[in-house]
1. So which residues in region 24-63 are part of a loop (DSSP other than H, G, I, E, B) and within 20 Å of VAL12 (Cα to Cα)?
2. List the residue pairs whose Cβ atoms are under 7 Å apart, where the first residue sits in region 44-64 and is at negative phi, the second is among the basic types (Lys, Arg) and open to solvent by less than 100 Å² (accessible area, probe 1.4 Å), and the two are 6 or more positions apart or on different chains.
3. From the residues in region 1-29 that are modelled with pLDDT under 80 and acidic (Asp, Glu), which one is least open to solvent (accessible area, probe 1.4 Å)?
Amino acid sequence: MESPEGPRPRRVSHEVIRGDPHAGKEGYRPVRRGVRAALPHVDTMDAGHGVHALEELPKEVRRA
């Protein structure tokens, strides 16, 4: 989120949930510049690595 649009998700939503296929891996650390830049704007980072993870997403949205 290095563009002027960076803060926009916060202005138009209550919470920002990011699905990241690597987030479910043990020892995962966000090293890509874009992911690191987005983290201050993300409330929850969920694993998005498979069908089960995607099935859990609506539960996370309801909690938000």
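The values are calculated or read from the model by the stated rules, or taken from the named source; none is laboratory data. Quick caveat: nothing in here was measured; it's all calculated off a predicted structure. Cβ atoms come from the backbone with ideal geometry, glycine included; neighbour counts cover every protein chain shown. These area figures cover heavy atoms from the full protein model, side chains too; ligands, DNA and RNA do not enter into them. Shrake-Rupley method; radii C 1.70, N 1.55, O 1.52, S 1.80 Å.
1. Step one: of region 24-63, the residues part of a loop (DSSP other than H, G, I, E, B) are 24-32, 42-43, 48-50.
Residues satisfying the conditions are VAL42, ASP43.
2. MET45/ARG18
3. GLU5
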